[in-house]
Structure formats: C-alpha cells, structure tokens
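Written below as structure tokens is the structure these notes are about.
The values are calculated or read from the model by the stated rules, or taken from the named source; none is laboratory data. Only a predicted model underlies this, so the values are computations on that prediction, with no experimental measurement involved. Positions of Cβ are backbone-derived with ideal geometry, glycine not excepted, and every protein chain shown enters the neighbour counts.
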Amino acid sequence: MITPPARLLLDDLVRANPAAPHDLPLPVLSLAAVARRQARGMPDRASPGLEVPTRAGWLSLHASVPEGVRSEQVAIVIQRAAPETAVALELETYDLTAGTGDRRPLTADGSLIIAPVRGQ
C-alpha cells in the first residue's frame, strides 16, 4: 500500500538511484532490513531512519515493523526533510560545518556560491 504523495517522493528516490536492480531503491531496502533486524531483537547499530538526497531536495525515511504483524511487512514513512534538517545536511555535504562556520553568513546572504566540485 502506498499513498499518491508517497509515490511521488518514491519516484524521486528511484531517479536518484537509477542503477537499483529492484523495484524499490536501495535506501528503502536497507532501511527495511534494519527495521526487521531490530524487530527480531537483533542488535543493530543503524537507526531505522535516514535522510537521502534527491534532485528535488532531501527526503527523510523512517521504518518500523507494526506490532502483531507476523509477515515481513515494514511500514516506511517517506517525507520531505524538515528545512532545518535539509540546511544542516547541505552545510555538512559541502563541508560548511562548525570548523568553517564563518562561511555560513556568506552562504545565507548569497555572497558565497557553492558548487558541487571540491578542490584538493
């Protein structure tokens, strides 16, 4: 079962992972596996939630196994990442974290342009 809004977001994930050999993108499959392991009481250091970049922006995914379900079903919630989460992820992606915090005001007012190419 999937809702129409979730289908649109899932399509963004599929486009972001075109080489995925399954009907579902790899982030969804790996998140479901983590939720299943945790539901069985198996220790897993991974969190049953993650953020994934797409061309349309960051998506947040969360997974859980509903109580009383004996099959391998996993409920996955997919939504656009909250703005504060997306901004933090973008800053981290381009290495504009606490150590380089002096660049953040420049980024916010448009004085600094971020390109996806990093120099060595």
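Of the set (1) in a helix (DSSP H, G or I); (2) farther than 21 Å from residue 80 by Cβ, all apply to residue 42 but (1). Under the condition of being closer than 19 Å to residue 6 by Cβ and either over 13 Å from the mean Cα position of the chain (by Cα) or not assigned by TED's automatic domain parsing to the domain that holds residue 8 (or both), the residues counted in segment 35-68 number 4.
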